[in-house]
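Q: After the structure tokens below, expect a handful of questions from me.
Rule-based calculations on the coordinates, nothing more; no lab input. All of these numbers come straight from a predicted model, not from anything done at the bench. Positions of Cβ are backbone-derived with ideal geometry, glycine not excepted, and every protein chain shown enters the neighbour counts.
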Amino acid sequence: MTAPAPVLSARDLRIVYRAPGAAAPVPVVEDVSFDLHPGRMLALVGESGCGKSVTAAALGGLLPRGMELASGRIDAAPGVLRAGRGLAYVFQDPGECLDPVFRVGRQIVEAMPPADRRHSADRLRALLVQVGFHDPDRVARSYPHQLSGGMQQRAMLAMALAGRPRILVADEPTTALDVTVQARLLRLLADLQRSGNLAVLLITHNLGVVAEVADDLLVMYAGRAVESGPVSLLSSPRHPYVEGLLRALPRLAPDAPPLEGIPGQVPALGRRPAGCPFHPRCPLARPGCATAVPHPTRGPAGHTVACHVRAFPSPSESTP
């Protein structure tokens, strides 16, 4: 069966930061490419500071002050990148995104397209039920401070869906929530993605979350894509960074191996090393890793890795 055409394609994105008075821009994201497909969820994974949120912000023209898309292309289906419509965001702190002086219902109605506002009460109630509220009228009358963190996040999700988007970007949407509420919200996201044929970009640092809900995976490190493909690649990752993330993932099994952290930390902006950015922390690093940036190589089922040591062999190399 042929996969549906992507609703958005990002190719070779390069995002830079231009500090006031600086002689040259500082690279933030380099050579990142991915596709978003209707009805599928792509998880963008990596530690804090890897460039995940900046990459997502570039899709909607929401880059922070001083940052710009220096090169690369973002191609989308017609109408997808219209402000406030085809592309919607849900951020990690709903308390900072919801206006404290207006009732939740009013804020959701304001996000609706004009045609829906003629029947705004019915549409509002349907949206709140869709995101799991059993008492939508009470929620609509409430101010944000009268809702719990999980309820605020679901209200933000209803606001995002109010514009009838084709792409939903969820940037660490469960960070401030307890584990039970996190699981409920992620299941809701997965259900909405499939029932509404949404293309979802989920940004997270939690590979356990990814394995549960995502279809595809893109792992970033220090502004570069290091491994990507179907989420099943987690059963046999090739990049040492992804292996390290998995070893650091807590497991409940009684015979689970002890947790192993990755030594060191993500390099600060402007201090990224030459060559492979992961080589100072990599247990498999060789001398050449410090001088040359690894180019992505493609393996079976769309599995791609950027690593000198674990590169997929070229067709000529794999032929006996």
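Q: What do you get for Rg/Rh over the range 196-320 if you use C-alpha atoms and the Kirkwood form of Rh?
A: That ratio is 0.98, to two decimals.
Q: To continue, here is another question. Using the Karplus equation 6.51 cos²θ - 1.76 cosθ + 1.60 (θ = phi - 60°), what ³J(HN,Hα) coupling, rounded to whole Hz, does each residue of the range 30-37 give in order, writing x for Gly and Pro?
A: 9, 6, 9, 9, 6, 10, 10, 10
Q: Would you grab the residues whose amide H sits under 5 Å from the one on residue 43? Only those 5+ places off in sequence or on another chain, please, with H modelled 1.01 Å from N.
A: 202, 215, 216, 217, 218
Q: Taking the chain as a Gaussian network, where each spring joins two C-alpha atoms under 10 Å apart, which residue of 292, 115, 57 fluctuates the most?
A: 115
Q: How large is ³J(HN,Hα) for each residue in the range 129-143, as worked out from phi by the Karplus curve 6.51 cos²θ - 1.76 cosθ + 1.60 (θ = phi - 60°), to whole Hz, x for Gly and Pro?
A: Residue by residue, the range 129-143 yields 5, 4, 8, x, 7, 8, 10, x, 5, 5, 4, 4, 7, 7, 8 Hz.
Q: Okay, moving on. Report, by chain and number, residues whose modeled amide H sits under 5 Å from the one on residue 32, excluding near sequence neighbours (fewer than 5 apart, same chain).
A: Excluding prolines and chain starts, which carry no amide H, the hits are 12, 13.
Q: Another question, if that's okay. Would you kindly state the longest site-free stretch of the chain, with sites defined as trypsin sites (Lys or Arg not before Pro) in a DSSP loop (not H, G, I, E, B) surrounded by at most 13 other Cβ atoms within 10 Å?
A: The segment 119-250 is the longest one with no such site.
Q: Now a separate question. Through the Karplus equation 6.51 cos²θ - 1.76 cosθ + 1.60, θ set to phi - 60°, convert the phi angles of the range 180-188 into ³J(HN,Hα) values in whole Hz; use x for Gly and Pro.
A: Per residue, the Karplus-derived 3J(HN,Hα) values read 5, 5, 4, 4, 5, 5, 5, 5, 4 Hz.
Q: So if each residue of separation counts as 0.36 nm, and I subtract the Cα-Cα distance between residue 164 and residue 18, what length gain in nm does that give?
A: Result: 49.1 nm gained on full extension.
Q: Working from Cα positions, state the angle (0 to 90°, nearest 10) between the long axis of helix 149-162 and the longest principal axis of the chain.
A: Compared with the principal axis, the helix lies near 80 degrees.
Q: Please state, to two decimals, what the Cα-based radius of gyration of the range 27-91 comes to when divided by 2.2 N^0.38 Å (N = residues).
A: For the range 27-91, the normalised Cα radius of gyration is 1.14.
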